[in-house]
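Written out below as structure tokens is the structure these notes cover.
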């Protein structure tokens, strides 16, 4: 079995996965949304302290499996340096005590493997990754070879939903509340600009749209003066514009890439309106759309463990002495991991 640990942002998660069957034997997760909602977003130092409390509690539940562990997989990039260090420290401790190797997992590759939880992995795939920190299209040709075809030049999809919700006085996290309000709203009421509409670049950008939302909120007298209908209509207009942007840029890739299977992963892939819109686009281009189960869209250790199985079978292990080197360098420079 493989023990996996995820602590890249504000979710503490641990899982145990059986190598041969890929069966998920244990999956536990503690969210910090309530604590961070007071500040309108994730506070790194607070997140680190909460991980320090939650991860040991979760590890206790994995102890019955310790005698069968063959490796420990842990996210070591990208993410918040102070929170990644919590998971890495635990992984190193377990590895030393049980005398098993460590598998370092790139968080975004973990999201790709959310598609394969309790399933065989298969490639090639085109993948739209939409999360709190990233928006990109990847071509995954194999376990070893994944390339970025398009990425965001500023805000990610998840970040734009959170910031829009904050401007509208809706709290954190913004994705679920915007999606819920949008179901009641008129997406045609506010004419928001579709980002990079006439730009030939295959890239994503949401900072201009975010600013248009800010100006709209101000024109309505501010968040406190907005009626429920105002908020529903603005949420619907914003969500529809984000989807148009994602579709327009992804469609350009579809026109030249013949990869048959297309997937959407990441926290924002739980948005049902995004799923529906891309389902229609895939139908138009004769592509098969793959989706992770809703419970595995956001950050979780199950996807880290599933990646860990394929890495274990290829004998791809990390050096325990340098596992946290990239995190340490970023912490010393005062920047976040990229």
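Scanning region 14-38 for residues that are more than 14 Å from residue 68 (Cβ to Cβ), more than 20 Å from the chain's Cα centre (by Cα) and free of Cβ contacts under 8 Å to residues at least 12 places away in the same chain turns up just one, 38. Would you check if there is a residue in region 48-64 being closer than 17 Å to residue 305 by Cα, touching a strand residue (DSSP E or B) at 6+ places or on another chain (Cβ under 8 Å) and either surrounded by fewer than 17 Cβ atoms within 10 Å (Cβ to Cβ) or without any contact (Cβ under 8 Å) to a residue 40 or more places away in the chain (or both)? There is at least one residue in region 48-64 that is closer than 17 Å to residue 305 by Cα, touching a strand residue (DSSP E or B) at 6+ places or on another chain (Cβ under 8 Å) and either surrounded by fewer than 17 Cβ atoms within 10 Å (Cβ to Cβ) or without any contact (Cβ under 8 Å) to a residue 40 or more places away in the chain (or both). With respect to residue 157, determine if the residue is crowded, with 18+ Cβ neighbours inside 10 Å and free of Cβ contacts under 8 Å to residues at least 60 places away in the same chain. Spelling it out, it is not the case that residue 157 is crowded, with 18+ Cβ neighbours inside 10 Å and free of Cβ contacts under 8 Å to residues at least 60 places away in the same chain. In the set 112, 74, 82, only one residue is crowded, with 16+ Cβ neighbours inside 10 Å, more than 30 Å from residue 177 (Cβ to Cβ) and within 20 Å of the chain's Cα centre (by Cα); that residue is 74. Condition check for residue 194 on (1) closer than 27 Å to residue 126 by Cβ; (2) modelled with pLDDT under 95: one failure, at (2).
Selection of region 160-203 for residues being touching a helix residue (DSSP H, G or I) at 6+ places or on another chain (Cβ under 6 Å), under 30 Å from residue 256 (Cβ atoms) and surrounded by 14 or more Cβ atoms within 10 Å (Cβ to Cβ) yields 160, 161, 187, 192, 194, 195, 202. Being in contact with a helix residue (DSSP H, G or I) (Cβ under 8 Å, 6 or more places away or on another chain) and not in a helix (DSSP H, G or I) narrows it down to one residue among 263, 302, 268; which is it? Selected residue: 263, the only one of 263, 302, 268 that is in contact with a helix residue (DSSP H, G or I) (Cβ under 8 Å, 6 or more places away or on another chain) and not in a helix (DSSP H, G or I).
Regarding residue 258, is this residue surrounded by fewer than 20 Cβ atoms within 10 Å (Cβ to Cβ) and in contact (Cβ under 8 Å) with a residue 12 or more places away in the chain?
On the way: surrounded by fewer than 20 Cβ atoms within 10 Å (Cβ to Cβ): yes; in contact (Cβ under 8 Å) with a residue 12 or more places away in the chain: no.
Here the answer is no, as residue 258 does not meet what is asked.
Looking only at residues of region 121-132 that are touching a helix residue (DSSP H, G or I) at 6+ places or on another chain (Cβ under 7 Å) and part of a loop (DSSP other than H, G, I, E, B), we find that the one that is farthest from residue 245 (Cα to Cα) is 121.
Residue by residue through region 227-253, note down the ones that are within 17 Å of residue 125 (Cα to Cα), touching a helix residue (DSSP H, G or I) at 6+ places or on another chain (Cβ under 9 Å) and in contact (Cβ under 8 Å) with a residue 60 or more places away in the chain. 250, the sole residue that qualifies.
The residues of region 118-134 that are buried (at least 20 other Cβ atoms within 10 Å of the Cβ) and in contact with a strand residue (DSSP E or B) (Cβ under 6 Å, 6 or more places away or on another chain), listed by number, are 125, 126, 127, 128, 129.
Residue 149 meets all of the listed conditions (1) in contact with a helix residue (DSSP H, G or I) (Cβ under 9 Å, 6 or more places away or on another chain); (2) crowded, with 23+ Cβ neighbours inside 10 Å but one, namely (2).
For residue 12, the criteria (1) in contact with a strand residue (DSSP E or B) (Cβ under 7 Å, 6 or more places away or on another chain); (2) surrounded by fewer than 24 Cβ atoms within 10 Å (Cβ to Cβ); (3) farther than 13 Å from residue 302 by Cβ hold in every case but one, which is (2). Determine if region 272-295 includes at least one residue that is surrounded by 22 or more Cβ atoms within 10 Å (Cβ to Cβ), at pLDDT below 95, outside the structural domain of residue 75 (by TED's automatic domain parsing) and in a helix (DSSP H, G or I). No, that holds for no residue.
Restricted to helices (runs of 4 or more DSSP H) entirely inside region 19-118, those with at least 1 residues that are under 30 Å from residue 290 (Cα atoms) and touching a helix residue (DSSP H, G or I) at 6+ places or on another chain (Cβ under 6 Å) are 81-98, 107-112.
The values are calculated or read from the model by the stated rules, or taken from the named source; none is laboratory data. Please read these numbers as outputs of a predicted model, since none were measured by experiment. Every residue, glycine among them, receives a Cβ derived from its backbone with ideal geometry; neighbour counts consider all protein chains shown.
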